[in-house]
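Student: Please read through the structure below; I'll follow up with questions.
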Ligand SMILES: C[S@@+](CC[C@H](N)C(=O)[O-])C[C@H]1O[C@@H](n2cnc3c(N)ncnc32)[C@H](O)[C@@H]1O
């Protein structure tokens, strides 16, 4: 299997493929998290700023610092958000470029399964958040069908073709996240599940979006014309169309939060 070769190198393609999903789940997540206003936020794996925008729009933060290894994603994030409140830096979850206790709250939105050592990613968030602050994350349930494009991935695999996967899908399980949070000494740990739906106006819209998707796009681009046509036919059979040709998909994420002791 082609591990860890998902490339986040196009912020606009990401927005259509995942950013719209990200904002839907992020909105419900923030209602559940219910943070106080005026906090200093760290958004770990901020990507193109889709969820960072949710924080700015609904949490009245005093500041939000996003970090992500992808410069293309960061460039898109910078272009969508006002720089008086937000700052974006290239960086890795496992080696956060911040002093201890620099933030009130750290979030990993749709990222934990991409981090090569999730334990290190969580312990870094704990390190940079002040005592009493919050460390939280949410992730598509990659092991139990929560990923919004799972039926596409399944069909590609059924044709015997590889699709790149994140390095740690197991880290998206609620049980695994709970263990990570408790082993990192976080207290008052709580978890929830979030289900969201998104519609595509027709098959052409859906297809143009997935063709540019970070995980599946490279597999689709490498397919000969006949195979691609075959896959499109298969997808037309499995996608849930309504009578006017609209497609509505569901996705489910696991979310967790805990406090830094002290
Ligand atoms: C699915 S996207 C989520 C982006 C954004 N948080 C959102 O909700 O839309 C995953 C992001 O994780 C980033 N990422 C991958 N490995 C990472 C790591 N080791 N540390 C921090 N971010 C990472 C990717 O570059 C990508 O932007």
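Student: Could you work out how much longer the chain between residue 75 and residue 36 gets when fully extended? Use 0.36 nm per residue separation minus the Cα distance between them, nm to one decimal. Don't skip to the answer; put the middle values down first.
Tutor: Values: separation 39, 0.36 × 39 = 14.04 nm, distance 2.85 nm.
Separation in residues times 0.36 nm, less the Cα-Cα distance, equals 11.2 nm.
Student: Further, regarding this structure: Expressed as a rounded percentage, what relative contact order does segment 1-88 have, with Cα pairs under 8 Å and six or more residues apart?
Tutor: On the way: 129 pairs, mean separation 27.9, N = 88.
For segment 1-88, the relative contact order is 32 percent.
Student: Using 0.36 nm per residue of separation minus the Cα-Cα distance, give me the extension gain between residue 175 and residue 95 in nm, one decimal.
Tutor: Numbers: separation 80, 0.36 × 80 = 28.80 nm, distance 2.46 nm.
Separation in residues times 0.36 nm, less the Cα-Cα distance, equals 26.3 nm.
Student: Right, another one. Can you pull a Stokes-Einstein diffusion coefficient for segment 11-259 at 4 °C (1.567 mPa s), Rh from Kirkwood over Cα pairs, as a whole number of µm²/s? Could you put the intermediate results ahead of the total?
Tutor: On the way: Rh = 18.7 Å.
Answer, rounded: 69 µm²/s.
Student: Which of the peptides 164-171, 102-109, 197-204 is most tightly packed, and how do the rest follow, going by the mean number of other Cβ atoms within 10 Å of each residue? Numbers along the way, then the final one.
Tutor: Values: 164-171: 19.4, 102-109: 25.0, 197-204: 13.2.
My ranking of the peptides, most packed first, is 102-109, 164-171, 197-204.
Student: Suppose each label sits 7 Å from its Cα in the direction of the beta carbon; what would the residue 198-residue 158 distance come out to in nanometres?
Tutor: 2.3
Student: Distance from the Cα centre of segment 191-209 to that of segment 31-73, in angstrom?
Tutor: So the separation of the two Cα centres works out to 22 Å.
Student: Applying 1/(1 + (r/R0)^6) with R0 = 45 Å to the Cβ-Cβ distance of residue 248 and residue 225, what FRET efficiency is obtained, to the nearest 0.05? Don't skip to the end; give the middle numbers.
Tutor: Details: r = 29 Å, r/R0 = 0.64.
Efficiency for this residue pair is about 0.95.
Student: Further question on the same structure: Under 8 Å for C-alpha pairs, at least 6 residues apart: give me the relative contact order for segment 133-262, rounded to a whole percent.
Tutor: Relative contact order for segment 133-262 comes out at 49 percent.
Student: Next up: As a test of the formula, what do you get for the chain when each DSSP H run with n ≥ 4 contributes -39,500 (n - 2.57) and the sum is divided by the residue count, at 222 nm and rounded to the nearest 500 deg cm²/dmol? The partial results should precede the final answer.
Tutor: Details: 10 runs with 95 residues, N = 262.
So the helix-based figure for the chain works out to -10500 deg cm²/dmol.
Student: Roughly how many nanometres apart are two label points built 7 Å out from the Cα toward the Cβ at residue 12 and residue 241?
Tutor: 2.9
Student: If each of residue 183 and residue 143 carries a label point 7 Å out from its Cα toward its Cβ, how far apart are those two points in nm?
Tutor: 1.2
Student: Quick check: the angle from helix 174-183's long axis to the longest principal axis of the chain, C-alpha only, nearest 10 degrees?
Tutor: Computed tilt is about 20 degrees.
Student: Tell me the angle of helix 225-238 to the major Cα principal axis of the chain, expressed in degrees between 0 and 90 and rounded to the nearest ten.
Tutor: With rounding to tens, the tilt is 70 degrees.
Student: Here's another thing I want to ask about it. Can you give the angle from 0 to 90° between the axis of helix 71-80 and the longest principal axis of the chain, with both taken from C-alpha atoms, to the nearest 10?
Tutor: 80
Taken together, the values in this text are just the output of simple stated rules run on the coordinates, not laboratory data. Note that this is a predicted model, so its numbers are computed, not measured. Cβ atoms come from the backbone with ideal geometry, glycine included; neighbour counts cover every protein chain shown.
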